[in-house]
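Below is one structure; the comments refer to it alone.
The values are calculated or read from the model by the stated rules, or taken from the named source; none is laboratory data. Values in this document were obtained by computation on a predicted structure and should not be read as measured data. Quick reminder, even Gly has a Cβ in these numbers, built from the backbone with ideal geometry, and neighbours come from all protein chains shown.
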Amino acid sequence: MSLLSAIQIELTGLFDLLFPPVCPLCRQELAERSPRALCPTCLGQLHPLPSPRCPRCALPFATEGGVDHLCETCLRQPPAFTRVVALGVYEGLLRESVHRFKFQNRINLDRPLARLLAENLEQANPPCRPDLILPVPLHSQRLRQRGYNQSLLLAEQLEKCWRIPVLPRLLVRTRPTPPQQGLSVAVRQQNLRGAFTLATPLQGETVLLIDDVMTTGATVRECAQVLQSGGAGEVVVAVIGRALRHR
Ligand SMILES: [Zn+2]
Ligand SMILES: [Zn+2]
């Protein structure tokens, strides 16, 4: 062992003693400085998407048992994305984490959430190997209010994990859209029509589209449509939380 690495190990030990690694969600002390960085208790509270679910939009069905099948929305209007990978069901601790990350400036949640998302994408069947990563853009007005785009923060962490480029200015939000909460799927879709545009055309690349939460899926549907019309190959969607019902 070189003197330098011995000093490094000593310094890391001292750093851990002074600033013990804690879980970013519950502040419980962690046994080691793990890149996943959530404690086992918090990890155990993230509920993976149950089956059966829609293989296209990942919507879980209320019935127990049975095989995965397309949901009514995807049958009527097949989306331009091929599948959705989610960290888990948008409820409980996962919902709370997204709220803190998105609305309470807890931007240091980007790394653990993105790491877990990367694991899910690698373990998906088939594994997702995109050519580029695009975050769902915020309108400049919203970006000024919030100060950061949570989907871009996640995309940048995935870029670090995989060394796959993020192109944050390729997909552009051309106008602000009113808050979508409580609106029907049809109204949401109408509000979003023409709200996104592609800065330059694509050439068959596999695109990973990142958003924080998928509820009705109106936003990612509209973005994927724009990407497909603009020459993208496969579009895969990755989100932190997937809501259980189309509302
Ligand atoms: Zn924890
Ligand atoms: Zn579906």
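Condition check for residue 172 on (1) touching a Phe, Trp or Tyr at 6+ places or on another chain (Cβ under 9 Å); (2) in a loop (DSSP other than H, G, I, E, B): one failure, at (2).
Set side by side, the residues 177, 197 differ, and just one is surrounded by 16 or more Cβ atoms within 10 Å (Cβ to Cβ), under 14 Å from residue 223 (Cβ atoms), among the β-branched types (Val, Ile, Thr) and in contact (Cβ under 8 Å) with a residue 24 or more places away in the chain, which is 177.
Taking the criterion of being within 14 Å of ligand 2 (Cβ to nearest atom) and of a type in the set (Ser, Thr, Tyr), the residues of segment 42-97 that qualify are 51, 73, 82.
A quick yes/no check of all residues on (1) more than 21 Å from residue 235 (Cβ to Cβ); (2) within 21 Å of the chain's Cα centre (by Cα); (3) not aliphatic (A, V, I, L, M):
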{"position": "21", "(1), (2), (3)": "yes, no, yes"}
{"position": "42", "(1), (2), (3)": "yes, yes, yes"}
{"position": "58", "(1), (2), (3)": "no, yes, no"}
{"position": "75", "(1), (2), (3)": "no, no, no"}
{"position": "117", "(1), (2), (3)": "no, yes, no"}
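Entry remark, segment 200-247: residues being farther than 20 Å from residue 148 by Cα, within 16 Å of ligand 2 (Cβ to nearest atom) and polar (S, T, N, Q) number 3 in total.
Being away from ligand 1 (no atom under 16 Å from the Cβ), in the same structural domain as residue 222 (by TED's automatic domain parsing) and at pLDDT below 90 holds for only one residue in 62, 58, and it is 62.
Taking segment 179-243 and the strands (runs of 3 or more DSSP E) fully enclosed by it, the elements with 3 or more residues that are of a type in the set (A, V, I, L, M) and touching a Pro at 6+ places or on another chain (Cβ under 8 Å) are at 207-214.
Residues checked against (1) in contact with a Gly (Cβ under 9 Å, 6 or more places away or on another chain); (2) touching a residue at least 60 places away in the same chain (Cβ under 8 Å):
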residue	(1), (2)
88	yes, yes
93	no, yes
99	no, no
109	no, yes
118	no, no
123	no, no
130	no, yes
137	no, no
140	no, no
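Scanning segment 134-145 for residues that are hydroxyl-bearing (Ser, Thr, Tyr), more than 13 Å from the chain's Cα centre (by Cα) and over 21 Å from residue 201 (Cβ atoms) turns up at least one hit. Pairing each residue of segment 60-73 that is among the aliphatic types (A, V, I, L, M) with any residue that is at pLDDT 90 or above, provided the two are 6+ apart or on different chains, yields C-beta distances under 9 Å for 67/51; 67/52; 70/54; 70/55; 70/56; 70/57; 70/78. Only residues that are at pLDDT 85 or above, in a loop (DSSP other than H, G, I, E, B) and in contact with an Asp or Glu (Cβ under 9 Å, 6 or more places away or on another chain) were counted in segment 22-55, giving 9.
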